[in-house]
Amino acid sequence: MSRMHQVAVENEEIAERGSYRTRDGATVEIGGLLRAARAGTVSYGPQAVPGVRAAGRSRAPSRSPRRAACRPGRGWSRPAASTSPC
């Protein structure tokens, strides 16, 4: 069994149980949070969503998504040893 599979199985068990134990032995209860998350979750199928207009694109984007992510924002500074594609 791969490590990722083990993590998935562990996560399923935790969700079913509603709690997990930390390495130092403390029990963390998440059952109430999971129930609240499930209650607030909405799932839409492939049909149109009521009240939402389909998005259309009238022209190609001016920049590629990869380059758009590289644009500096507020408080931005380029790292000294950049491994970024920017």
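Compared with the direct C-alpha span, the chain from residue 53 to residue 17 gains 8.9 nm at full extension, assuming 0.36 nm per residue. Amide H to amide H, with H built 1.01 Å from N, residue 30 comes under 5 Å of 19, 20, counting only residues 5 or more places away or on other chains.
Throughout, read-outs are computed from the coordinates displayed, never taken from laboratory work. Being a predicted model, the structure only gives us computed values, none of them experimental.
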